[in-house]
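Note sheet for the following structure.
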Amino acid sequence: MRVPLEWLSEYADAGLPGRELGERLTMTGTKLEAVHHHGVSSAEHFLVGEVVSAERHPDADRLTVCEVDVGGRTSTIVCGAPNVAAGQLVAVVEPGGVLPDGTKIKKAKLRGVVSKGMILSERELGLGEDHTGIMVLDRGAPGVPLETALPLSTEVLEFEITPNRPDCLGVYGIAREVHASTGAELRPPPWADDPGTPGEVKGATVDVEVPDLCPRFTARVFEDVTIGPSPPWLKARLTAAGMRPISNVVDITNYVMLLTGQPLHAFDLDRVAGQRLVVRAAREGETIDTLDGQTRTLEEGEIVIDDADGPTSLAGVMGGARSEVEDDTTRVLLEVAAWHAPTIHRTSTRLGLRSEASARFEKGLSTEQPMEAQAIATQLMVELCGARVAPGTIDVGGPESDPPPLTLRPARTEQLLGLEVASERQAEILRALEFGVEERDGAFAVAVPHFRRSDVTREADLVEEVARIEGLDRLPATLPARRGASGKLTFAQRARRRAEDALVGRGLHEIVGWSFTEPGVADRLRLAPDDPRRRFVALENPMSEDQSVLRTTLLGSLLDAARYNAARGQEDLALFESGAIYLDVETPATTAAEERGSPLPLEVQALGAVLHGTVEGASWRRRADLEWDFFAAKAILGAVLDTLRVEWDVREGTHAFLHPGRSARVYSGETELGWLGEVHPLVAREWDLDGAVAAFEIDLGLAIEQAPEHIPFTPYATFPPVLRDLAVVVPEGVIAQQILDVVMDAGAPLLGVATVFDRYRDSLAMHLSFFAADRTLTDDEVDERMAAIVAALREIGVEQRA
């Protein structure tokens, strides 16, 4: 909301510079965003002049030599405007003045005649775009400062208005706030005098078929309207407020909207078919041509105003082109109505059509505001358009009944704020905000003004009004009663941090990738046509094609980061990301998790890593050629799952983006957690990565569900273990995990740990650790378990190496 300070001061003049006033209002909840300057930087040398004579230049057909009275003296000014004539009051700038565009005025000789200044047009003063002729004033006297005749220069305060305060979307609403917060006198509302009359209007009718969507519709008819330019003072205020002057009738509707916060719309009554307007719900698929030259297709339930030929206005959003006011208009029907805020918001959002009117209506306006706007607009139509007001006023619906007053207990104010505010001061603040206050039995009965009824509905809201005007910065800093409560992380949050810390502790670097990606990433990952990860959730309004869908895997963003670093010479990479992926709600579950049954995309908290290059740099104790591979990635993933105390194993399985012989699926029991492996060379090539690229990705939320929340203490064994090694010959097709599972089952209950420590061609070597909690084991007991293990392995084709 842009508010010219000159205009605001007409209703409440605090006598403060613009920024200081804006900061004062910010402390009461009306936030100042910026202060702009509109018009000339200095009003010095700008005067009202009267053209005494205007003679054609002797040496130039298109120039006029004017003698201009500038207050007891005359100045010779050469003017090129075709409309200059004797007797006009004009805007003059004398030598030394500076125009808004920075042009400095000097004496100049034009075809032999010395010109001592310039007669100004609207554009030269920054009041509009008209440059076809000089600006003729309708007020002022020769020699007086030009700023007394029109708003020549003003600061413009730009406020951020919160959705609950539509009353501040008008200059007079801001003036109320200035009055309450500074004590500046508030002038009576400009709608106090209404030239119109109630009663039936002949020659125009209005029917409202949807009173729930249009609780009030008012209209007046104006005859003998003369369409023309608005006076300079009106153009100046509109321009300063950020609006473009068009014509007197249209400018009046915009001016009144900016003043009151209530939008208006003017119809050319002769272009309203049948002289009858009907407010109704739109029918599915019908169209309307709006004022911006677009054809809009409507949906059922949106609000239209139509006549005998169909929709003529998109209610509360934008008028229609068919009945707009044009240069030959002589009869105007001025509509001011109240509309159902949620419907206006839905319509505006769906069509992508934002207007000054919709921005106000969607916040909810009072049903009493239409007649306030009608009163001011009627005054201006008569004054600026020479119009005659037809008798009567169409008023369908009327104002709402007054709600019962609210009760405010002064003691309750102190209790909620922790600050003592005298009861007399509380009443003074509320009255300054135009609340009706009446004392009853030690409390206040407060009548809420119509423009605050959507916002102030209970006693606490009244306390808030007192607090913001009295000064929120004065409230003492106190902590609420805690009653022993304390905040803490949930188990899932703690577990997530432990998993991330486990990766950081093993030297991985965390990245944060975009949640958005491109649809083409599915082809680059070689996903099958039926792979559910191809079913992206598309954004309605993407920033670019490269970020037009939500990602279904972390692998794409991890590979993007790996390519970025590798292209800059950093090829030894260990990157991980913990973030969300998004699956289409109709996608079959890719894990054993139950589907969540939501109309929104399925959001999964995933954890993934990409590993490329050498594991560690060379040193006198380490090899320099040890590269990341499937087994190194498995060790990193195992560290994460072991940190969470999740029982896990890997099983055969692959994905299109993984090397078919170096990949696996990760399980906890029968719950699939994710995948692990080396990236397929063709996929790695898509990201310009040379050599092996290991990676994994798990559903971290599922993994945490498998993790125990409480870990029981297991004491150390007091008796020494018995250690044995076992080497076996493994046939093709049998994996190490299968062997370890058989060994652990056959060695129970004495076998505590079995780990692979060496592999040579078709052989595996394992360390076995046997122990008992209550005794030292004998060789016979261990030999018996070893024999059982060898026998069990033989059943799956694995023989002990001799």
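Structure above, values below:
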{"read-out": "Residues located in region 593-616, provided they are out of contact with any strand residue (DSSP E or B) (no Cβ under 9 Å at 6 or more places or on another chain) and modelled with pLDDT under 60", "value": "Glu594, Gly597, Ser598"}
{"read-out": "Scan of region 754-794 for residues that are of a type in the set (D, E, K, R), open to solvent by 80 Å² or more (accessible area, probe 1.4 Å) and more than 60 Å from the chain's Cα centre (by Cα), ordered by number", "value": "Arg761, Asp774, Arg775, Asp779, Asp780, Glu784, Arg794"}
{"read-out": "Region 319-345, subset in contact (Cβ under 8 Å) with a residue 60 or more places away in the chain and not in a loop (DSSP other than H, G, I, E, B), residue surrounded by the fewest Cβ atoms within 10 Å (Cβ to Cβ)", "value": "Thr343"}
{"read-out": "Complete set of residues in region 733-753 that are in a loop (DSSP other than H, G, I, E, B) and either open to solvent by less than 60 Å² (accessible area, probe 1.4 Å) or without any contact (Cβ under 8 Å) to a residue 12 or more places away in the chain (or both)", "value": "Gly733, Val734, Ala748, Pro749, Leu750"}
{"read-out": "Residues (open to solvent by 50 Å² or more (accessible area, probe 1.4 Å) and under 13 Å from Leu157 (Cβ atoms)) located in region 27-54", "value": "Lys31, Glu33, His36, His37"}
{"read-out": "Subset of region 173-202 [in contact with a Ser or Thr (Cβ under 6 Å, 6 or more places away or on another chain) and either loosely packed, with under 13 Cβ neighbours inside 10 Å or within 20 Å of Leu264 (Cα to Cα) (or both)]", "value": "Pro195, Gly196, Pro198"}
{"read-out": "Residue tally, condition crowded, with 20+ Cβ neighbours inside 10 Å and either more than 18 Å from Leu63 (Cβ to Cβ) or not hydroxyl-bearing (Ser, Thr, Tyr) (or both), over region 106-119", "value": "3"}
{"read-out": "Meets criteria (open to solvent by 60 Å² or more (accessible area, probe 1.4 Å) and not in a loop (DSSP other than H, G, I, E, B)) for Asp461", "value": "no"}
{"read-out": "Selected residue (criterion: nearest to Gly364 (Cα to Cα)) from residues of region 279-305 that are among the aliphatic types (A, V, I, L, M) and open to solvent by less than 10 Å² (accessible area, probe 1.4 Å)", "value": "Ile303"}
{"read-out": "Pair list, Cβ < 6 Å and 6+ apart or interchain, from region 306-318 residues that are open to solvent by 10 Å² or more (accessible area, probe 1.4 Å) to residues that are of a type in the set (D, E, K, R)", "value": "none"}
{"read-out": "Every residue from region 464-476 that is surrounded by 15 or more Cβ atoms within 10 Å (Cβ to Cβ) and hydrophobic (A, V, I, L, M, F, W, C)", "value": "Val466, Ala467, Ile469"}
{"read-out": "Near pairs, Cβ below 7 angstrom, 6+ apart or cross-chain, from region 472-501 (under 30 Å from Glu23 (Cβ atoms)) to any residue that is assigned to a helix (DSSP H, G or I)", "value": "Leu475/Leu417; Leu475/Ala467"}
{"read-out": "Contacts under 6 angstrom Cβ, first residue in region 277-289 being touching a residue at least 60 places away in the same chain (Cβ under 8 Å) and in a strand (DSSP E or B), partner open to solvent by 40 Å² or more (accessible area, probe 1.4 Å) and not small (Gly, Ala, Ser), 6 or more apart", "value": "Val278/Asp207; Arg280/Glu209"}
{"read-out": "Residues of region 226-278 satisfying the condition of being within 22 Å of Arg165 (Cα to Cα), in contact with a strand residue (DSSP E or B) (Cβ under 6 Å, 6 or more places away or on another chain) and open to solvent by less than 20 Å² (accessible area, probe 1.4 Å)", "value": "Ala241, Thr253"}
{"read-out": "Matching option when the condition is open to solvent by 50 Å² or more (accessible area, probe 1.4 Å) and either under 30 Å from Arg494 (Cα atoms) or under 42 Å from the mean Cα position of the chain (by Cα) (or both), among Phe719, Phe657, Phe713", "value": "Phe713"}
{"read-out": "So Glu122, is it open to solvent by 50 Å² or more (accessible area, probe 1.4 Å) and closer than 21 Å to Pro4 by Cα", "value": "no"}
{"read-out": "Extreme residue, least open to solvent (accessible area, probe 1.4 Å), among residues of region 477-533 that are in contact with a Ser or Thr (Cβ under 8 Å, 6 or more places away or on another chain) and in a loop (DSSP other than H, G, I, E, B)", "value": "Leu525"}
{"read-out": "Criterion (more than 25 Å from Ser769 (Cα to Cα), open to solvent by less than 60 Å² (accessible area, probe 1.4 Å) and under 42 Å from the mean Cα position of the chain (by Cα)) met by exactly one of Ala639, Ala694, Ala664", "value": "Ala694"}
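Residue by residue, here is whether (1) open to solvent by less than 80 Å² (accessible area, probe 1.4 Å); (2) modelled with pLDDT of 95 or more holds:
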{"site": "Leu5", "(1), (2)": "yes, yes"}
{"site": "Arg56", "(1), (2)": "no, no"}
{"site": "Asp61", "(1), (2)": "no, no"}
{"site": "Val84", "(1), (2)": "yes, no"}
{"site": "Asp101", "(1), (2)": "no, no"}
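One line per residue, one yes/no per condition, for (1) of a type outside the set (Lys, Arg); (2) free of Cβ contacts under 8 Å to residues at least 60 places away in the same chain; (3) more than 22 Å from Leu380 (Cα to Cα):
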| position | (1), (2), (3) |
| --- | --- |
| Leu150 | yes, no, no |
| Ser153 | yes, no, yes |
| Ile161 | yes, no, yes |
| Arg165 | no, no, yes |
| Glu177 | yes, no, yes |
| Glu185 | yes, no, yes |
| Pro188 | yes, yes, no |
| Ala204 | yes, no, no |
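Condition check ((1) touching a Phe, Trp or Tyr at 6+ places or on another chain (Cβ under 9 Å); (2) under 30 Å from Arg568 (Cβ atoms); (3) in a strand (DSSP E or B)) across all residues:
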position: Arg662; (1), (2), (3): yes, yes, yes
position: Ala694; (1), (2), (3): yes, yes, yes
position: Glu697; (1), (2), (3): yes, yes, yes
position: Pro708; (1), (2), (3): no, no, no
position: Leu726; (1), (2), (3): no, no, yes
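The values are calculated or read from the model by the stated rules, or taken from the named source; none is laboratory data. Predicted model only: the values in this text are computed from it and were never measured. A quick note on method: Cβ atoms are made from the backbone with ideal geometry, for glycine too, and the neighbour counts reach across all protein chains shown. Ligands, DNA and RNA are excluded from the accessible area calculation, which covers all protein heavy atoms including side chains. Shrake-Rupley method; radii C 1.70, N 1.55, O 1.52, S 1.80 Å.
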